[in-house]
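The values are calculated or read from the model by the stated rules, or taken from the named source; none is laboratory data. These numbers were taken from a predicted model, which means no experiment stands behind them. Quick reminder, even Gly has a Cβ in these numbers, built from the backbone with ideal geometry, and neighbours come from all protein chains shown.
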Amino acid sequence: MFQKVVPINRERHAGKKIKQATGFGFASGFHLAYVTIHEFARAAAIYPIVFLEDKEADEFRPVVLLGLEAGENLFVGTDGKWKASYVPAIIRRYPFALSRTDEQDRFTICIDEDSELVNDAEGAALFDDKGEPTEVIENVKRYLAELQQMDVITRDFCKYMAEHNMFTPLNMRVRDTDRVKNITGCYVVNEERLNNLSDDRHLELRTKRYLPAVYAQLISLAQIERLVTLRSGGEEAPTITADSQAA
């Protein structure tokens, strides 16, 4: 999705503008997308939610599956429109991103300079004639700050679940047209361990407000059937345009 991400600064981007996104073609090759636990409730009605293990960082990260094969996004049509009622926030924030600075807990706003939305002639300016950030920058700053707060909570959730051995590998076989597809390499909440939790542990999950996310993830696995249906050319979900998505 991101090709050339650099920090935004007034010298380098003084004349840059951002065009209104009219489609999601930039995400057509992505078969998964990171989501925060705040998105689980809406995402679970459309996408399977699973967890990927980052062994280098020693953590798990939740993602939604957008396709059954690498490089395949079944929710982006040939016209670039997103064929579902909810688009993950990480995709809606494009072409902007946050990057950690050398200072602890400090981040800087970045932009993908190679995005077709970034240009010199059309769209909303990043900086005004005096070199001051425009409303575009201020809105992006607020939006990315909210996402960063959600990301911290999501990391805490995953850390808690991992520490209490609540993740288990997903091994699922689905029939894809004339062949059987094995879905592996990811993790889900272990439902049996969840049901056998002590009263104190279950109360702790409820107190931390993790239970809705846990059950949303488990329910979401039924959406794997949706991926199979979409891949085989079956009935598709409603189509929406990029500019109709709320931040």
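When the criteria are applied in full, L66 meets the requirement of being crowded, with 18+ Cβ neighbours inside 10 Å and in contact with a strand residue (DSSP E or B) (Cβ under 9 Å, 6 or more places away or on another chain).
Looking at the stretch 102-109, is at least one residue out of contact with any Ser or Thr (no Cβ under 7 Å at 6 or more places or on another chain), modelled with pLDDT of 90 or more and not basic (K, R)? Checking the stretch 102-109: at least one residue is out of contact with any Ser or Thr (no Cβ under 7 Å at 6 or more places or on another chain), modelled with pLDDT of 90 or more and not basic (K, R).
Any residue at all in the stretch 166-176 that is among the polar types (S, T, N, Q), surrounded by 16 or more Cβ atoms within 10 Å (Cβ to Cβ) and touching a helix residue (DSSP H, G or I) at 6+ places or on another chain (Cβ under 9 Å)? The answer is no, given that none of the residues of the stretch 166-176 is among the polar types (S, T, N, Q), surrounded by 16 or more Cβ atoms within 10 Å (Cβ to Cβ) and touching a helix residue (DSSP H, G or I) at 6+ places or on another chain (Cβ under 9 Å). Scanning the stretch 204-247 for residues that are at pLDDT 95 or above and of a type in the set (V, I, T) turns up T207, V214, I219. In the stretch 67-98, how many residues are of a type outside the set (K, R), part of a loop (DSSP other than H, G, I, E, B) and either under 10 Å from the mean Cα position of the chain (by Cα) or under 26 Å from E163 (Cβ atoms) (or both)? Qualifying residue count for the region: 2. I'm trying to understand the selection: among the residues of the stretch 97-132, which are more than 13 Å from R10 (Cβ to Cβ), of a type in the set (K, R) and loosely packed, with under 10 Cβ neighbours inside 10 Å? Within the stretch 97-132, just R106 meets the criteria. Can you spot a residue in the stretch 10-26 that is modelled with pLDDT of 90 or more, among the aliphatic types (A, V, I, L, M) and closer than 22 Å to V228 by Cβ? The answer is no, given that none of the residues of the stretch 10-26 is modelled with pLDDT of 90 or more, among the aliphatic types (A, V, I, L, M) and closer than 22 Å to V228 by Cβ. Considering F26, F60, F40, the condition of being buried (at least 16 other Cβ atoms within 10 Å of the Cβ) and out of contact with any helix residue (DSSP H, G or I) (no Cβ under 7 Å at 6 or more places or on another chain) is satisfied by F26 alone. Of all residue pairs spaced 6 or more apart or on separate chains, none has beta-carbon atoms under 8 Å together with a first member in the stretch 188-212 that is over 18 Å from D156 (Cβ atoms) and acidic (D, E) and a second member that is assigned to a loop (DSSP other than H, G, I, E, B) and modelled with pLDDT of 95 or more. The residue pairs whose first member lies in the stretch 54-74 and is of a type in the set (F, W, Y), whose second member is assigned to a strand (DSSP E or B), and whose beta carbons are closer than 9 Å, counting only pairs six or more residues apart or on different chains, are F60/F51; F60/L52; F60/E53; F60/D54; F60/F167; F60/Y187. Taken over the stretch 178-220, the criterion of being part of a helix (DSSP H, G or I), crowded, with 16+ Cβ neighbours inside 10 Å and polar (S, T, N, Q) is satisfied by Q217, S220.
Restricting the stretch 113-155 to residues that are among the hydroxyl-bearing types (S, T, Y) and part of a helix (DSSP H, G or I), the residue that is nearest to Y34 (Cα to Cα) is T154.
Which one of D129, D151, D156 is free of Cβ contacts under 8 Å to residues at least 40 places away in the same chain, of a type in the set (D, E, K, R) and either within 18 Å of D54 (Cβ to Cβ) or touching an Asp or Glu at 6+ places or on another chain (Cβ under 6 Å) (or both)? Result of the check over D129, D151, D156: D156.
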